[in-house]
Amino acid sequence: MFRLNRLAAVLASALIAPACMAAISAEEAKQLGGDKLTAFGSEKAGNKEGTIPPYSGKAPKAPASYDTKTGFQRPDPYNDKPLFTITAQNADKYADHLDGMRELFTKYPAFKMDIYPSRRDYAYPKFVLDNTLKNATECKAIDKELKLAGCWGGFPFPIPKTGNEVMWNHLLQYGAYAYSGETEGGVTGTDGKFVLGARNTGHQQYDYYDPKATKPNATDAGFWKIRQNSTAPARQAGSILVVDDNLDMVDKGRRAYQYIPGQRRVKLAPTLAYDTPNPNNGGVLTMDDSKGFLGALDRFNFKLVGKKEKFIMYNNFDLTNAKACSAEKAYNFKNFPNPECVRWELHRVWQVEATLKEGFRHIYQKRVFFWDEDAPGAGVAENYDASGKLYRVVSNIVYPFYDSEPLLGGYTDSSVAMDLQTGIWSISGGMSHPNGGWVTAAPKDSRYYSPESMAGDGLR
């Protein structure tokens, strides 16, 4: 009996091991930076139809109109015109590239998508590419792929094999080591009027991407944190929010704190996760809807479907520039953001299908994610309710930094959420107001994100 039990244990370990050994072979890793794959794992070539170009390998040049004194507002470096427009009348023709978003044209007959030339000008600093190569054979997803171990500050899985690996690439998207700026979130009701939920000055940083690191990130290290100080509207002014996410989302998880001016104290906020309504968006966005998906992976089973071509929001310079498309123009629009402010492109994406695990609860029963192969923070999430109906579509707002930026990368932290059940929509991290936007910045000491610092900086 002892020998049988021991044999069963050995067999069980053998079955579990592949899920914990995410690193690929050295031979497979040689593909990175070769003829077919970029240094971070995307396909170098375009598609056979020519509608997706080859990877350019460089960031876009800053246009002459760029004012470095107001670097948080980046004008469009391209002089593109739409190739065509998708409407309710011709949406069936493009259904293969729309997937669940085809329902938007049925729900909202006035919805349209201006399709622009696809551009793949997303570039990364050398240290990110070097660390990505290390990760190819060293970084591992452990404990049911809910933790990471041995991962350097680069793409954790440049050649992903599982849905969780693709999701980790998304969670650890590279924008910059640290950046600061001002954004706003709010809701546009069925009357087409935008209501500001919160305007925040903030600072966020990916400690995972410390360019001076000389060893892999610890398994229990924090990988991303943000602090938001609300300045408007009056009811929100003075409140502070801090969120700190960890590479160990099993035992460490998320630490979130709120400073509430009326109470004059800092509160630990463990409920600011999963499907808790986002306080900046009037309940139209869950906490894990942020950035398309943000948080622990433990409530869903993530299945890697494969790669496909998909229309996603991309190179959204106009939507993040008040001079090109003001908040009044972009946000005061019924059911969806003003289509004149939104740029859609065809890109190759990783498709991941997530289904809610038995015994867990969430307002979404199923989620389908489409993350860009060049910038895993870019893409769209299609979320379904318990009856199988499309509930919300969350599209990330994305643009690459110019080639003059010190650490390259780009921005993928804002998003638009369209709620098909209510007809309202929201924006998170909106930058179409005059002072909106992010600029790269020096990292902050960990004390800046501490409860003591929050209490000391409270305004009222």
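Given R0 = 22 Å, the distance between the Cβ atoms of Asp143 and Tyr448 translates into a calculated FRET efficiency of 0.15. Extension gain, Ser25 to Thr214, is 65.7 nm, computed as 0.36 nm per intervening residue step minus the present C-alpha separation.
Starting from 0.36 nm per residue, how many nanometres of slack lie between Asp275 and Thr106 once their C-alpha separation is accounted for?
Details: separation 169, 0.36 × 169 = 60.84 nm, distance 2.65 nm.
Length gained between Asp275 and Thr106: 58.2 nm.
Taken as Cα centroids, segment 18-83 and segment 369-446 sit 17 Å apart, rounded to the nearest whole angstrom. Val393 sits among other residues whose Cβ lies under 9 Å from its own Cβ, and their net charge, with Lys and Arg +1 and Asp and Glu -1, is -2. With 0.36 nm allotted per residue and the present C-alpha distance subtracted, the Thr355-Ala441 stretch has 27.2 nm of extension available. By the gyration tensor of its Cα atoms, with a ≥ b ≥ c the square roots of the eigenvalues, what is the shape of the chain: rounded for a/c under 1.5, prolate for a/b over b/c, or oblate? Rounded shape, in that the Cα axes give a/c under 1.5. Remark on segment 201-340: hydrodynamic radius 18.1 angstrom, per the Kirkwood mean of 1/r across alpha carbon pairs. Determine the sum of side-chain charges near Glu373: Lys and Arg each +1, Asp and Glu each -1, restricted to other residues whose C-beta is under 11 angstrom from that of Glu373. Once all neighbours under 11 Å are counted, the net charge is +2. Oblate is the label for segment 69-162. Its Cα gyration tensor axes, ordered a ≥ b ≥ c, give a/c of at least 1.5 and b/c at or above a/b. Short-range pairs are left out: with C-alpha atoms under 8 Å and at least six residues apart, the relative contact order of the chain is 18 percent.
Taking packing as the residue-averaged number of other Cβ atoms within 10 angstrom, the listed peptides 27-37, 320-330 run from highest to lowest as 320-330, 27-37.
Around Thr183, under 10 Å between beta carbons, what's the net of Lys plus Arg minus Asp minus Glu among the other residues? With Lys, Arg at +1 and Asp, Glu at -1, the net is -2. What does a probe at Lys303 reach in segment 154-173, counting residues whose amide N is under 15 Å from the point 7 Å along Cα→Cβ? From segment 154-173, the list is 162-164. Computed with every protein chain present, the accessible area of Thr70 is close to 50 Å² [probe 1.4 Å].
The values are calculated or read from the model by the stated rules, or taken from the named source; none is laboratory data. Keep in mind the model is a prediction, meaning the values are calculated, not measured. Here the Cβ is made from the backbone with ideal geometry for all residues, glycine too, and neighbour counts use every protein chain on show. Heads up: the accessible areas ignore ligands, DNA and RNA and are worked out on the full protein's heavy atoms, side chains in. Shrake-Rupley method; radii C 1.70, N 1.55, O 1.52, S 1.80 Å.
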